[in-house]
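Following: one structure in structure tokens, then a few remarks.
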Amino acid sequence: MGGLEQILVIFGMAVMLAAVARRVGAPYPVFLAIGGALLAFVPGTPSPALPPELVLALFVAPVLVDAAFDASPRDLRDNWGPLVSLVVVAVGLTTAAVAVVAHMLVPQMPWAAAVALGAIVAPPDAVAATAVLRKLRPPQRILTILEGESLLNDASALLIYRVAVGAVAAGSFSVQSVAPTFLLAVIGSLVAGPALAWLTQHVLDRVQHVPTSIILQFVGTFTVWLVAEHVGLSGVLTTVCFAMTLARLGPARMPARIRVPTNAVWATVIFALNVFAFIFIGLQIRPILADLGVLERDRYLLVACAVLATVIAVRMAWHMSFNAAVRWRDKRFGFHPPRPMLRPTVGSGLVISWAGMRGIVTLAAALALPAAFPMRNLIVFTAFSVVLGTLVIQGLTLKLLLRVLRLQDDDPVAGEVRKARDHVVAAALACPSAAGGRAGEFVRMRFERLARGEPGQPAPLRAEDAAYRAALHAARQALLDLRESRSIGDDAFHTLENELDWMEASDPLRAANADES
């Protein structure tokens with residue numbers, strides 16, 4: 001069997017593992033990590049290689065764009081305290097602690113390489129955590145913090161990673177020489193991201209062919225990352241700013257018949273990238289283990305276990321300390337959130353502390369190290385061990401922890417969806433073009449059926465097609481206004497946007513002509 005055939009067979013088996021994980025209620029990255037670990041012991045498997053400079057663009061850029069589209073700036077702003085604590089302080093402490101531990105255990109490891117290892121294993125991945133938590137309907141505040149952390153800590157960790165790798169390449173490190181370049185890269189990324197988003201949306205506005213639009217979205221994503229890296233900006237920060245800006249521009253300007261298949265394609269690609277990342281690193285680990293002697297293998301395992309313990313302990317220690325300080329502040333000065341949300345408790349602190357599973361960004365950063373990087377094999381092995389260890393230890397016990405703690409809130413997102421749905425239906429009924437007809441009523445009936453989970457949709461009369469489209473447009477504009485005024489967050493917005501999209505895209509009067517334009 002050739003190398004391509006082997007990879008296809010392995011990929012198919014990985015997809016089956018993910019299906020088994022969903023069936024048993026476990027986060028699929030856990031099973032992918034276990035499958036990747038098993039690959040390391042399978043003789044005769046291929047050892048594919050990717051150019052290091054393309055690894056981060058291939059694996060990280062689409063993941064960041066997908067996460068940024070789901071992020072709610074309003075909710076991130078409401079939880080800025082814990083987010084800054086996790087994104088800046090926790091990442092910095094984890095990086096420093098791992099660097100110290102690694103250098104103590106392997107004195108010949110350069111400090112810059114040790115810092116690079118710390119930055120690689122510092123950022124958690126929310127995929128596994130949210131895969132577990134969303135099924136159990138935890139307080140929305142916990143999900144917001146974890147998803148926001150996963151989006152933003154990639155930027156902070158990979159900025160440190162970039163500086164450390166650059167220091168290894170230069171052979172020295174100086175704060176005075178790095179600080180101006182670092183500051184310029186951050187400021188430039190904050191400006192370039194939104195500018196490139198506006199340009200990309202301007203191009204997409206002119207494309208009505210669905211496959212072309214989807215392809216251009218991916219081309220734009222990779223182009224933004226590669227251009228940012230080429231001119232000395234931060235690819236991560238530029239891509240995050242690009243995606244968050246595009247997420248604000250796109251909903252009002254992209255038709256439903258493009259957005260519905262776009263969402264499906266992006267979800268498929270992100271899943272495939274996760275599968276491929278675990279396969280790829282499993283195939284990279286096999287030759288590393290094969291070349292190690294017994295003593296060297298023991299040292300690798302010692303370093304990996306020590307770093308894994310450090311990563312878990314630092315997050316627990318820091319966030320529980322921060323949680324205690326916040327609870328003391330709330331007890332003394334009162335808890336006054338801008339909108340209803342769960343009050344910080346010991347239980348919420350434990351869940352956030354324990355939901356520190358690592359994932360695709362850690363794997364991609366390790367694989368992106370140059371071939372001649374000091375201690376590269378040890379760093380790649382340790383990074384994969386941390387991903388595997390956190391996914392198995394924390395990922396498989398997070399559900400039990402949440403059930404024991406029994407954390408609940410009043411489901412603020414569901415409340416926002418109900419109020420927003422009433423407002424949107426009222427806007428459709430009040431649409432002047434639909435006045436006196438049944439178009440607004442069709443919109444109301446469709447919303448009610450979707451809310452009840454009923455698949456059947458009443459079809460408007462052909463004579464009222466124009467009025468029906470006008471009512472849908474009025475409803476969509478009302479929804480956009482609610483998000484713009486911060487009356488609803490992006491979770492509620494996307495729920496109703498999806499319902500409106502299906503009303504528009506499934507309209508039998510225009511479905512037959514959808515592909516012609």
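The values are calculated or read from the model by the stated rules, or taken from the named source; none is laboratory data. Please read these numbers as outputs of a predicted model, since none were measured by experiment. Ideal geometry is used to build each Cβ from the backbone, glycine not excepted, and the neighbour counts take in all protein chains shown. Side chains are part of the model used for accessible areas, which takes the heavy atoms of the whole protein and leaves out ligands, DNA and RNA. Shrake-Rupley method; radii C 1.70, N 1.55, O 1.52, S 1.80 Å.
Within the assembled protein chains, the solvent-accessible surface assigned to Glu53 is about 130 Å², based on a 1.4 Å probe. Quarter the surface of the alpha carbon convex hull of segment 1-85 and you get the mean projected area, 8.6 square nanometres.
Would you please state the base-10 log of I(q)/I(0) at q = 0.22, 0.28, 0.31 1/Å for segment 187-242, with intensities from the Debye formula using one equal scatterer on every alpha carbon? With one equal scatterer per Cα and no solvent, log10 I(q)/I(0) is -0.75, -1.03, -1.17.
A 1.4 Å probe, protein heavy atoms only, puts the accessible area of Arg299 near 60 Å². Could you tell me what % of all Cα pairs in segment 1-151 have separations over 25 Å? Result: 48 percent of Cα pairs exceed 25 Å. For segment 317-409, the solvent-accessible area works out to 43 Å² per residue, with a probe of 1.4 Å and every protein chain left in place. Compactness ratio for segment 376-423: Cα radius of gyration over 2.2 N^0.38 Å (N = residue count) comes to 2.03.
For the chain, the relative contact order works out to 23 percent when only alpha carbon pairs closer than 8 Å and six or more residues apart are counted. Derived value for segment 290-361: Kirkwood hydrodynamic radius 15.1 Å. Basis is the mean of 1/r over every pair of different alpha-carbon atoms.
Rank these residues by their accessible area, most exposed first, probe 1.4 Å: Met104, Met503.
In descending accessible area the options line up as Met104, Met503.
With the whole protein complex present, Phe218 retains an accessible surface near 30 Å², based on a 1.4 Å probe. Taking Cys305, Cys241 and ordering them by how much accessible surface each has at a 1.4 Å probe, largest first, produces Cys305, Cys241. Taking each full run of DSSP H in the chain as one helix, which ones are at least 24 Å long along their axis (Cα atoms) and have mean Kyte-Doolittle hydropathy of at least -1.0? For the chain, where a helix must reach 24 Å along its axis and average at least -1.0, the hits are 3-24, 52-70, 140-170, 175-204, 210-230, 235-253, 256-290, 294-333, 376-393, 412-429, 465-484. Global size of segment 273-326: 16.8, 50 Å for Rg and Dmax (C-alpha atoms, Rg to one decimal, Dmax whole).
How much space per residue, in cubic angstrom, does the convex hull of the C-alpha atoms of segment 91-212 take up?
Once divided by residue count, the hull of segment 91-212 is 189 Å³.
Centre-to-centre separation between the Cα atoms of segment 196-275 and those of segment 1-71: 22 Å. Surface composition of the chain: carbon plus sulfur atoms contribute 66% of the solvent-accessible area (1.4 Å probe, protein chains only, all chains present). When the P(r) is computed for the chain, the part past 42 Å accounts for 22% of the Cα-Cα pairs. Evaluated at q = 0.09, 0.18, 0.20 Å⁻¹, a Debye calculation over the C-alpha positions of segment 139-274 (equal weights, vacuum) places log10 I(q)/I(0) at -0.34, -1.09, -1.23.
Just to verify a number: FRET efficiency for Ala169 and Met13, C-beta to C-beta distance, R0 = 56 Å, to 0.05?
In this case the efficiency is close to 0.90.
List the pair-distance distribution P(r) of segment 102-162, using every Cα-Cα distance, as the percent of pairs falling in each 10 Å bin from 0 up to the bin containing the longest distance, rounded to whole percents. Percent of pairs per bin, in order: 21, 36, 24, 15, 4. Could you state the number of Å between the C-alpha centres of segment 283-355 and segment 464-490? Using only Cα atoms, the two centres lie 41 Å from each other. In the context of the full set of protein chains, segment 1-126 has a per residue accessible area of 42 Å² (1.4 Å probe). From the largest down, segment 249-376 spans 59, 49, 23 angstrom on the principal axes of its Cα atoms. Using the Cβ-Cβ distance between Asp481 and Phe333 with R0 = 45 Å, the FRET efficiency computed as 1/(1 + (r/R0)^6) comes to roughly 0.85. Between Thr345 and Leu4, how high is the FRET efficiency from 1/(1 + (r/R0)^6) when r is the Cβ-Cβ distance and R₀ = 35 Å? Nearest 0.05. Once the sixth-power term is evaluated, E becomes 0.10.
Length gained on full extension, Val191 to Val219: 8.1 nm, using 0.36 nm per residue less the C-alpha separation.
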